[in-house]
Amino acid sequence: MEYLDTIKVLGEVPDGTGVKFRIRCPWISEHGAGADTGTYIGQRHDGGLWFRCWHAHCASRGWVEFRQAVRLRAKKLTLIKKGTYA
């Protein structure tokens, strides 16, 4: 999963429907006390990708929002490495 390149993976979690990782939420600054728990990304056996964070502020956020946040972070990191991001 290319999305794992720009996020902090905290560990793989057993899952009967595919691959599941516990991750640091892209919106961790909105979590109470910056809690690192309750956020997962995975890929089902059929190839489908998913994101789920159990914190209230992330209730309406799914794969699309996760993908946008991660792509934005990847773009910022690329610009920082090039020295073009202030």
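Each Lys or Arg adds one and each Asp or Glu takes one away; over the other residues whose Cβ falls under 9 Å from the Cβ of Ile41, this sums to +3.
Scalar couplings 3J(HN,Hα) for segment 36-42, obtained by applying the Karplus form with A = 6.51, B = -1.76, C = 1.60 to θ = phi - 60°, are 8, 9, x, 10, 9, 9, x Hz; x denotes Gly and Pro. Converting phi to 3J(HN,Hα) with the Karplus coefficients 6.51, -1.76 and 1.60 and the offset θ = phi - 60°, segment 10-17 yields 9, x, 8, 10, x, 8, x, 9 Hz in sequence order, with x at every glycine or proline.
Each value in this text was obtained by applying a stated rule to the coordinates, not by laboratory testing. Not measured: the values here are computed from a predicted model. Quick reminder, even Gly has a Cβ in these numbers, built from the backbone with ideal geometry, and neighbours come from all protein chains shown.
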